[in-house]
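Engineer: Right, I'll just put the structure down here and ask away after.
The values are calculated or read from the model by the stated rules, or taken from the named source; none is laboratory data. Note that the structure is a prediction, hence the values are computed from the model and not measured. Cβ sites come from the backbone with ideal geometry, for glycine too, and all protein chains shown count toward neighbours. Keep in mind that these areas ignore ligands, DNA and RNA; they rest on the heavy atoms of the full protein, side chains included. Shrake-Rupley method; radii C 1.70, N 1.55, O 1.52, S 1.80 Å.
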Protein chains: 2
Amino acid sequence: MVSGYAGTMADNTPYAPRRIRALPSWLLGRAAARGHRLVADALAAEGMRMMHHAVLSAVAELGPVSQAELGRTLGIDPKDMVALVNDLQRDGLVTRTPDPGDRRKNAVEISADGRRRLRRTQRLGDRANAELTAALTPAEREQLIALLTRIALPEE
Amino acid sequence: MVSGYAGTMADNTPYAPRRIRALPSWLLGRAAARGHRLVADALAAEGMRMMHHAVLSAVAELGPVSQAELGRTLGIDPKDMVALVNDLQRDGLVTRTPDPGDRRKNAVEISADGRRRLRRTQRLGDRANAELTAALTPAEREQLIALLTRIALPEE
DNA sequence: GGATGTCATTGGGTTCCCCAACAATAACCA
DNA sequence: TGGTTATTGTTGGGGAACCCAATGACATCC
């Protein structure tokens, strides 16, 4: 260890950029990245991505629903929604039929296979979230959820 | 409103996918996205992105530091770090000189212009974070920071 | 002094995000 | 009624953050 500057003393510096790490936006980004990694890795076992699972879950809850409505409730871009529903339809997890009442819309509905798949991906997602919040007590986890809910809404 | 399915009843449905929205990973993603949007929009006034500000702030705190060390403390990929330091150097905010003690390393150091820029971007970042957590009391904000800190760490 | 590791850099790749356009269709309203 | 306005699904282009692998120059370890 010849050089005199801090960069070579990685191991004993407590934790470097305090200013940045104290910002909620930074911490949120880091925590979200870890959560995404955990969930994505878990869902990869079923060949799905996080957004696939989110859409499938939303379709199950909303019943027959248009893609635009899905995009609105999940905050997904219409462009990406097309690809996601394409994937789910190709795998037989949802059906995409023309809405008889509004010929612009697709009525996206979950299939029997979709329900079976959803049960598994929900288990995987829940387990990943348990790991994500493993350092927290159940009460703290609820606290976190409550706080996040209040700052997550974009507007409205 | 002719169609009978839920997709056309966007306005009165309370809030759709409860199952998804209750997951910490989902809430974290949404909250992080909003935080990123707020900070990014604020920093755009100075022609900088969030990662530029993070690196600049870290360089200011760590003194002359190698890119690898910066990447480690901030969780930034070496590939992206090259581009970020390129940008900061091009704008005269940091200097990149060969480390005399270790010729593999670049000693990245903040410049006078960098310090001036950092003061402004810190103000902008703090203001964006205040807006992000505007719905929270100061105590709740501290609570959130504490909880996030405990789940944000990847491993180690 | 030879194996092993690190540093900066280049390259390739994915996911998610955002904006703009389009034709078809629906809703609005004068 | 008819003409404007809005919405829907789709295609297109592009950016930002992430991840993995490889390279040559250089340090470190044994």
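Engineer: How many residues are within 16 Å of the chain's Cα centre (by Cα), among the β-branched types (Val, Ile, Thr) and open to solvent by less than 40 Å² (accessible area, probe 1.4 Å) when one looks only at segment B:106-156?
Structural biologist: Residues meeting the conditions: 3.
Engineer: A follow-up question, please. Output the number of the condition that residue B:92 fails; it satisfies all remaining conditions of (1) in contact with a Lys or Arg (Cβ under 6 Å, 6 or more places away or on another chain); (2) open to solvent by less than 60 Å² (accessible area, probe 1.4 Å); (3) not charged (D, E, K, R).
Structural biologist: Just one mismatch for residue B:92, condition (1).
Engineer: Does any residue in segment B:61-85 that is more than 7 Å from chain A (Cβ to nearest Cβ) come within less than 6 Å, Cβ to Cβ, of a residue that is open to solvent by 40 Å² or more (accessible area, probe 1.4 Å) and assigned to a helix (DSSP H, G or I) six or more places away or on a different chain, and which pairs are these?
Structural biologist: That search, which allows pairs on different chains as well, returns B:71/B:78; B:84/B:51.
Engineer: Of the residues that make up segment A:93-104, is at least one in a helix (DSSP H, G or I) and in contact with a strand residue (DSSP E or B) (Cβ under 6 Å, 6 or more places away or on another chain)?
Structural biologist: Looking through segment A:93-104, none of the residues is in a helix (DSSP H, G or I) and in contact with a strand residue (DSSP E or B) (Cβ under 6 Å, 6 or more places away or on another chain).
Engineer: Exactly one condition in (1) within 12 Å of DNA strand D (Cβ to nearest atom); (2) modelled with pLDDT of 95 or more is not met by residue A:139; state its number.
Structural biologist: That leaves (1) as the condition not met.
Engineer: Give segment B:50-59 a look and list any residue that's more than 8 Å from every other protein chain (Cβ to nearest Cβ) and open to solvent by 20 Å² or more (accessible area, probe 1.4 Å), or say none.
Structural biologist: B:51
Engineer: Among the residues of segment A:64-96, what is the count of those that are more than 11 Å from DNA strand D (Cβ to nearest atom) and over 24 Å from residue B:27 (Cβ atoms)?
Structural biologist: 7
One line per residue, one yes/no per condition, for (1) acidic (Asp, Glu); (2) on the phi > 0 side of the Ramachandran plot; (3) within 9 Å of chain B (Cβ to nearest Cβ):
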position	(1), (2), (3)
A:103	no, no, no
A:107	no, no, yes
A:113	yes, no, no
A:126	yes, no, yes
A:134	no, no, yes
A:139	no, no, no
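Engineer: Could you check, for segment A:22-36, whether at least one of its residues is in a loop (DSSP other than H, G, I, E, B) and either under 16 Å from the mean Cα position of the chain (by Cα) or at pLDDT 95 or above (or both)?
Structural biologist: No, every residue in segment A:22-36 fails to be in a loop (DSSP other than H, G, I, E, B) and either under 16 Å from the mean Cα position of the chain (by Cα) or at pLDDT 95 or above (or both).
Engineer: Within segment B:40-49, is there a residue that is away from DNA strand C (no atom under 11 Å from the Cβ), open to solvent by less than 40 Å² (accessible area, probe 1.4 Å) and within 9 Å of another protein chain (Cβ to nearest Cβ)?
Structural biologist: The answer is no, given that none of the residues of segment B:40-49 is away from DNA strand C (no atom under 11 Å from the Cβ), open to solvent by less than 40 Å² (accessible area, probe 1.4 Å) and within 9 Å of another protein chain (Cβ to nearest Cβ).
Engineer: Given the conditions (1) over 17 Å from the mean Cα position of the chain (by Cα); (2) among the polar types (S, T, N, Q); (3) surrounded by 14 or more Cβ atoms within 10 Å (Cβ to Cβ), report the number of the one that residue B:73 does not fulfil.
Structural biologist: (1)
Engineer: Let me ask something else about it. Looking at segment A:76-89 only, could you name the residues that are over 20 Å from residue A:41 (Cα atoms) and either touching a His at 6+ places or on another chain (Cβ under 7 Å) or open to solvent by less than 70 Å² (accessible area, probe 1.4 Å) (or both)?
Structural biologist: A:76, A:81, A:82, A:83, A:85, A:86
Engineer: Say whether the condition of being of a type in the set (Lys, Arg) and within 16 Å of DNA strand C (Cβ to nearest atom) is met by at least one residue in segment B:14-26.
Structural biologist: Yes, that holds for at least one residue.
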